[in-house]
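Only one structure is covered here, and it is reproduced in the block below.
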Amino acid sequence: MAASSFPEWIYDGSEIPDPLGRGERAVEFLRALRHPKSILPNRAFQLDPWQERIVRRIYGPRHADGSRVVNTVALLLPRGNRKTSLAAALALLHTIGPERKPGGEAVFAAADRKQAGIGFKEAAGIIRADKRLVSAVGIYDAHNAPKKLLYRKEASYLEVISGDGGPQHGRTPAFVLADEIHIWKGRDLWEALTTGLEKTDDSLLVVASTAGRGQDNLAWEFFEDARNVARGAVDDESILPILFEADRKADWEDEDLWQRVNPGLRHGYPALAGFRRHAKRSKRSVGERQSFKQLKLNQWLDASADPFVDMEIYDAGAKAYDLDALKDEPCWLAVDLSSTVDLSVIVACWRTADGYYVHPWFFCPADTIEAKGGAVEEDGVSSREDASGAPYQKWFEEGHIIATMGAVIDYREIESQIVEICEEFNVQEIAFDPHMARQVQPQIVEKGLPAVDFRQVPSLMMPALLETERALLGGEFFHGDHPVLRHCFANVVVKRNDAGHVVKFTKPKRWLSIDGAVAAAMAVSRAAAGGERFTTEAAWFSDEMYTA
C-alpha cells in the first residue's frame, strides 16, 4: 500500500469544496433513506464518516459551469465493507434522488445475472423499507425477466445488466455502477457502457471492486491507472481513486494493517472475530492465506490460485540484458508448438556464471490477435476476446508477438525463426515437445540442425521444473521483463507429488496460455545438463539428430 495512493483525505479533515451545495444535498438524501437491516432509529441508512467523505468528494467539487469535476470513481474495497450498500444508495441518488434526470438511465452492471442481482436486491430493499418510496417507485424483479426500478413521476429508472446478457450497445446511461470488474470476461460490456456514458453530459461511472488476480486484464488496467492518478504520476481530476489495499510486502497478520485497509472495521463491519478466525486458518493453509490477502486485505494476487512461484520473485529477474553479448555463449532452444489458433513459442536459454538468461519468440495467427485472443466459451458463455484480458494486440504492436498471416499458425515462419536463431547464436540443441512437433521438427532435421525430443513426462519435467524453481528463488533466472512470458508464468497452476515437489504445469482455464513457461523450463533443463544425454527411459533421447 503505497502511502501516496492511500486515500488519506478521507481521514485528514481537509476541506472538500462544495460551491453549489451538491455534496451536502447528496449526503442529506442518503441519510433520509432507510435500510431494512439498519439498527439506527427508524432504520435510517447508516452513512459512516468515511462514506460521507466519499459522497462529498464525488458530488461537491464543481467546474465553473456547474458540472461535476469527478466523472469516474475507482473504489477498491476489501470484502465486507458495505460496498454494495453504498453503491445501491448512489444508484438511487441518480434514479429517485436529486441527481436524477427525467427519463434518465442508471445501470447496475456485473459479470453475470446473479452478481448483478445482488446490487439490485440491495436497492430494492431500500425502496421497500420506506412506504413513501414504495408508492412512487415500481419494482420489476420477476424471475428470468429484466430487473428494473422505475421512478414513475419522471420515468427515470435503474436497470440491471450483466456480461452474460448479450450486447448492450446503444445505451445512454447517466450513471453506471460496474461491480467486481476483476471477474468480468472480456471487454464488450465495459466498452458498451463507457462509450454510452460519453453520450450524456455530467455522467458518472463508479467502479466498485475487491482486488483481483493477474495483471493482464481489464480490472488491473483500470485500477493501475487510478493508482497513477493517486500517486500524482497522472494528472486527471476527473478520476477519483479510493484505493484501500495493502502492499504485498506488508505483514498480513498485523491487525493495524487490517484496520487501515478496512475502513468499516472501526464501525463494526466486517466482524473482527471473523478476521481473526480467517487469519488463524491462513497460518495452516496457503490457499486460505491467498484468500485472506485478496479478499480481506485487497492485495492484488497473481493469476494462478496455486502459482509456481510468487510473481514478485519472478519480477526480480526483469533486468534488461544485451542479446548480442550472448552470441558466443552456448545456447539451448526449446520449442512448444500450440494448436493452430493459440500461441506457439521458441525459448532460448544461456547459462552463465550469473545464472540463466532466457529469451522467447512468441507466434500467433494474425486473426487471433485481431480478435484479442479468439473466441472462447466457458460455462456456456461465448466471447470474441481472450477471457483473461491479455492484450495480444498491444503485445503484437510492441514486437513481443510475431503474427503469422491468416487464422492459423504458419509453422513455416517458426521454422525460419529457428534457422535464423541458429545462424545468429551458438545453438547446441533444439528440444521439441513431440506433441505437434512433426509440423516443424522434420524440416529442422533435414537442415542438419541438432533437434531432439523432450517429452513432457514427469521423469523429465520434474527435474526441469525443480531447476527452474531453484533458479527463480535463487535470483538466477533473467527474463528481461518480457510481458508475454510473464503472462505465461502467472497463469501456471502446479501439480505436486506427495512430497510437495512440482511435477507438472497445468492451467486453470483452457484459454490461458502457459506455453512460454513450459518451454522456458525445458530450455533451462537442457542448459543445466550442458548437452548431456538423457538417462531416463521415459523419453527417448540421443545426441544424434532426430530421425523418424
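Annotations
- Share of pairwise Cα-Cα distances greater than 42 Å in the chain is 31 percent (whole percent).
- Net charge dipole size for the chain [Lys, Arg +1 and Asp, Glu -1 on Cβ; Debye, nearest 20]: 3760
- Convex hull volume of the C-alpha atoms in the range 255-296, normalised per residue: 58 Å³.
- Label positions at E413 and R248, each projected 7 Å from the Cα along the C-beta direction, are separated by 3.1 nm.
- Too-long pairs where the Cα-Cα distance tops 24 Å, listed order kept, from K37/K153; K147/K185; K37/K83; K37/K148: K37/K153
- Taking the C-alpha atoms only, the angle from helix 83-95 to the longest principal axis of the chain is near 60 degrees.
- Sorted fewest first by neighbouring Cβ atoms within 10 angstrom, L33, L92 come out as L33, L92.
- Only the Cβ atoms of Lys and Arg (+1) and of Asp and Glu (-1) were treated as charged; on that basis the dipole of the range 311-529 about its Cα centre amounts to roughly 660 debye.
- Estimated FRET transfer efficiency when R0 is 56 angstrom, pair S67-D367 (beta carbons, to 0.05): 0.85
- Rounded to 10°, Cα long-axis angle of helix 22-32 versus longest principal axis of the chain: 80
- Placing pseudo-labels 7 Å out from each Cα toward the beta carbon at S38 and T506 gives an inter-label distance of 4.9 nm.
- Considering only A490, Y321, T352, and ranking their Cα positions along the charge dipole of the chain that arises from unit charges at the beta-carbon of Lys, Arg, Asp and Glu, the one farthest toward the positive end is A490.
- The gain in end-to-end length when the K153 to E446 segment is fully stretched comes to 97.5 nm, 0.36 nm per residue minus the alpha carbon separation.
- Relative frequency of Cα-Cα separations exceeding 15 Å in the range 55-99, percent: 53
- Residue-wise HN-Hα coupling along the range 130-146, computed from phi with Karplus coefficients 6.51, -1.76, 1.60 (Hz; x: Gly, Pro): 10, 4, 5, 7, 4, 6, 9, 10, x, 10, 10, 9, 4, 4, 6, 10, x
- Ranked list, fewest to most other Cβ atoms within 10 Å of each Cβ, for V234, V503: V234, V503
- Placing a label point 7 Å from the Cα of Y321 along the Cα-to-Cβ direction, the residues of the range 449-482 whose backbone N falls under 19 Å of that point are 464-482.
- Estimated from the Cβ-Cβ distance and a Förster radius of 22 angstrom, the FRET efficiency linking E28 and A273 is about 0.05.
- Simple label model, 7 Å out from Cα along Cβ direction - K283 to T195, nm: 5.4
- Its relative contact order, with pairs defined as Cα atoms under 8 Å and 6+ residues apart, puts the range 4-102 at 28 percent.
- Potential lengthening between D236 and E329 on full extension [0.36 nm per residue; Cα-Cα distance subtracted]: 28.6 nm
- Once C-alpha pairs closer than 8 Å and six or more residues apart are averaged by separation and normalised to the residue number of the chain, the relative contact order reads 13 percent.
- Going from the fewest other Cβ atoms within 10 Å to the most, the residues W300, W350, W50 appear in the order W50, W300, W350.
- Between the residues V107, L40, G516, the greatest Cα displacement towards the positive end of the dipole of the chain, with unit charges on the Cβ of Lys, Arg, Asp and Glu, is found for L40.
Each reported figure results from applying straightforward, stated rules to the coordinates on display, with no laboratory input. All figures in this text were calculated on a predicted structure; none of them were measured in a lab. Reconstructed Cβ throughout: ideal geometry from the backbone, glycine too, with neighbour counts over all protein chains shown.
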